[in-house]
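The values are calculated or read from the model by the stated rules, or taken from the named source; none is laboratory data. The structure displayed is predicted, hence computed values, not measured ones. So basically every Cβ, Gly included, is an ideal-geometry build from the backbone, and we count neighbours across all protein chains shown. With ligands, DNA and RNA removed, areas are computed over all heavy atoms of the protein, side chains included. Shrake-Rupley method; radii C 1.70, N 1.55, O 1.52, S 1.80 Å.
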Amino acid sequence: MPTDTTRPNAPESAAMRELDRGEALELLGQVPVGRVVYSHEALPAARPVNFVLVGSDVAFRVSGDSELAEAVDGNVVAFEADHIDVHRRIGWSVVVTGLAELLESGPAYERIVAEAPEPWAPGEYDRVVRIRTELVAGRRITRTA
């Protein structure tokens, strides 16, 4: 059996550390896509969305009559984003948890729509979900050698 010589670092050269809130939010703001985790019919569900960070809140656009809009409005949800380099075996992951609210008009809605990226999937996205971040957790794996 051939030996894998493409791995640049042995596992023992890895270091993992917890991120503080500021660093975690800064990293979260650097990626375009994350996953909202919510409850659907009493089971966990996750959906990828493109989003924007507004202060420490996560915001993304949805169709007002979608399952996702209905499921998250007024509920506590989690949101996860990451950046992983599988070849170098490094990366980070951030999870925020907070109350989601569905916005359809007003100054907050207008500001978020102006800043939020256009959804990638086809359809009409007439509402905004804002997750008011309460808890922030993050980890980063680096190489020491």
Worksheet item: If you check ILE84 against the conditions, is it β-branched (Val, Ile, Thr) and open to solvent by 90 Å² or more (accessible area, probe 1.4 Å)?
Response: yes
Worksheet, complete the sentence: Going through region 102-145 in order, the residues found to be touching a Gly at 6+ places or on another chain (Cβ under 6 Å) and of a type in the set (Lys, Arg) are ARG127, ARG132
Item to complete: Pick out the one residue from ILE90, ILE84 that is free of Cβ contacts under 8 Å to residues at least 40 places away in the same chain and among the β-branched types (Val, Ile, Thr).
Response: ILE84
Worksheet item: Which residue, of VAL58, VAL95, is closer than 21 Å to LEU19 by Cβ and open to solvent by less than 30 Å² (accessible area, probe 1.4 Å)?
Response: VAL58
Worksheet item: Could you count how many residues in region 101-132 are in contact (Cβ under 8 Å) with a residue 24 or more places away in the chain, open to solvent by 60 Å² or more (accessible area, probe 1.4 Å) and under 17 Å from ASP73 (Cα atoms)?
Response: 3
